[in-house]
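K.L.:
I am attaching a structure below and will ask some questions about it afterwards.
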Amino acid sequence: MDTLLSTSPSTVVPSSLSPARTFASPSKLSYAVATFSSTPPINGGYLRNRLPLTRPFTLSTAPKFSIRCGAGVKEIKESEFQSTVLESSRPVLVEFVATWCGPCRLISPAMESIAQEYGDRLEVVKIDHDANPQLIEEYKVYGLPTLILFKDGQEVAESRREGAITKAKLKEYVDSLLETISVA
């Protein structure tokens, strides 16, 4: 049984209800006011609105994501990196992605569009972050998605970009990179 203390030293009020809120004066603790609720506390005193799941979430019912590439974007592995990227006669835009990465899935349609639009001047490839740890370490990929442009087997200076990007900004990014490498 809880007790409620009053500001007067001689008054003690017994109570079987727990306080829902207690307010005190910010300057001095000269008085206390407590309010009581007739409903017992739930979940340690925190009331939450929880909706029941219609079916339990298990490994067999969990959604599975994969890296999908359209006609313009090719997914490569570490073993193909040398021949596809470093030995390419054209510039290669490499996108480091992961199946669990939401921003990677967001920019995927824009990457497909860029691959189709710039197909004659630029090759676009995807590399799965989880399946290619040596490339991730070698090129120090810390954020996903990461875009890096390669030309003549070298990473183009100032070409690295991390995070999601809109299709319009992606097009500006690619245009500026292609202009930079054609001037050099």
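The values are calculated or read from the model by the stated rules, or taken from the named source; none is laboratory data. Not measured: the values here are computed from a predicted model. Quick note on the areas: whole protein, heavy atoms, side chains included, nothing else; ligands and nucleic acids left out. Shrake-Rupley method; radii C 1.70, N 1.55, O 1.52, S 1.80 Å.
K.L.:
If I stretch the segment between residue 152 and residue 172 completely, what's the gain in nm (0.36 nm per residue apart, minus their alpha carbon distance), one decimal?
P.N.:
5.0 nm
K.L.:
OK, next. Beyond 25 Å, what share of the Cα-Cα pairs of the range 78-184 remains, rounded to the nearest whole percent? Don't skip to the answer; put the middle values down first.
P.N.:
Numbers: 712 of 5671 pairs.
Everything past 25 Å amounts to 13 percent.
K.L.:
How large a share of the accessible area of the range 100-184, in percent, is made up of carbon and sulfur atoms when the probe is 1.4 Å and the other protein chains stay in place?
P.N.:
Carbon and sulfur: 51 percent of the exposed surface of the range 100-184.
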